[in-house]
1. Explain nothing, just compute: Karplus ³J(HN,Hα) = 6.51 cos²θ - 1.76 cosθ + 1.60, θ = phi - 60°, for every residue of the range 282-294 in order, whole Hz, x for Gly and Pro.
2. Considering amide H positions built from the backbone, and no H for Pro or chain starts, which residues 5 or more places from residue 316, or on another chain, come under 5 Å of its amide H?
3. Return the sequence-ordered ³J(HN,Hα) values of the range 276-281 in whole Hz as given by the Karplus equation 6.51 cos²θ - 1.76 cosθ + 1.60 applied to θ = phi - 60°, using x for Gly and Pro.
4. If we count GluC sites (Glu not before Pro) as exposed when they sit in a DSSP loop and have at most 15 other beta carbons within 10 Å, what is the longest stretch of the chain that avoids them all?
5. Using alpha-carbon positions, what is the distance between the centroids of the range 202-252 and the range 99-138, in Å?
6. Using each residue's phi in the range 122-137, evaluate 6.51 cos²θ - 1.76 cosθ + 1.60 at θ = phi - 60° and report the 3J(HN,Hα) Karplus result to the nearest Hz, with x for Gly and Pro.
7. I'd like the accessible area for residue 125: 1.4 Å probe, protein heavy atoms, all chains in place, Å² to the nearest 10.
8. So what's the net charge close to residue 4: Lys and Arg +1, Asp and Glu -1, counting the other residues with Cβ under 15 Å from its Cβ?
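The values are calculated or read from the model by the stated rules, or taken from the named source; none is laboratory data. Since the model is a prediction, treat every value here as computed from it, not as a measurement. Reconstructed Cβ throughout: ideal geometry from the backbone, glycine too, with neighbour counts over all protein chains shown. Note: accessible area is taken over every heavy atom of the protein model, side chains too, but ligands, DNA and RNA are not part of it. Shrake-Rupley method; radii C 1.70, N 1.55, O 1.52, S 1.80 Å.
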Amino acid sequence: MVVTLKEVAERAGVSRSAVSRTFTDGASVSPKMRRKVEKAARELGYSPNALASSLTTGRTKLIGLVSSNFHNPFFLEIFDLFTRGLQERGLRPLLVNLSGETEPENSVRMLRQYSVDGVVVASSTLPPGFAIAFREAGVPVINAFGRYASDPQVHTVGIDNVACGRTAARTLIARGYRRLAFLGGPETATSTQDRLSGFQAEIAQAPELGLSVSFAGAYTFDAGRREMQRLLQEPPAEAYFCGDDVLSIGALSALRDHGFSVPGDVGVLGLNDMEMAGWAGIDLTTIHQPIRQIVTSSIELMGAMLDEPDRYPEARVFPCRIVERGTLRPLPGAG
């Protein structure tokens, strides 16, 4: 049997409104009254009805967690951190898959049907227009892992992908590689564009270096493997900077199947530092993206926005760093 608010009120000897206030965040109730109500609730095994509470407060505490990267295991790590972090703050994540969605207005309409209090767009492949559409609809929105801008239109938390591209180029050049390649994710993704831009800008400072560019159709193992198989119809580059770790792992698989030693014959550099990158048999040298800090900062910012919806948009940018493993030759003199 479900214990009702009325039964708790009768056991505690108080009014039903007193019980309701006790379980409503921010409501005024005396310490003595709170103790009586909580004692009665424990004795009866009562749990407040979240949906009923939302009718009283006007807040559902639902946060839409929107992405289109469900095929990428890196985002499983992100979703795990987001869902646990939101729940720890008393918020409820509503996971939404927008793979294949092209109209921002459709996603806005769908999430408004659930009366979400806010939205986190956790994607590097959804166009920026999706986050902007939520803002224009009056829904607090944060674009986590979105495109960095010094004057953002919506709150953005992530990394500077252009700077990461420069870091990748400097890392390969310092190891003596001269014929370099970029194997990116979808060409339309802003993360792909920015990582390539930084990579090209750094290489352009050394005219003696060679650069080839190609793109995979998605940030997936199969897409990375297929693109590398296509590239291996010609002699490979000396080193590849791949758009993310899962593409890198697909590329490693194709290289090894074709008899190439990594890093003996070809070097591979990833980006993200997903858990799988450190597994035995993969041991991928990569650029660490601080996902835990990005997720924590996004959740903190969402909490602040729920109290202050008109906060001026800000960009929170976290630095990246190289994680040395076993898919690049060592720096000269290292050992």
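1. 10, 6, 7, 6, 8, 9, 6, 9, x, 5, 4, 5, 5
2. 156, 157, 158
3. 4, 4, x, 5, 4, x
4. It runs 209-313.
5. Measuring centre to centre over Cα atoms gives 32 Å.
6. Per residue, the Karplus-derived 3J(HN,Hα) values read 9, 7, 9, 10, 5, x, x, x, 5, 5, 5, 4, 5, 4, 5, 7 Hz.
7. Probe radius 1.4 Å; accessible area of residue 125 about 40 Å².
8. Combined, the nearby Lys, Arg, Asp and Glu give 0.
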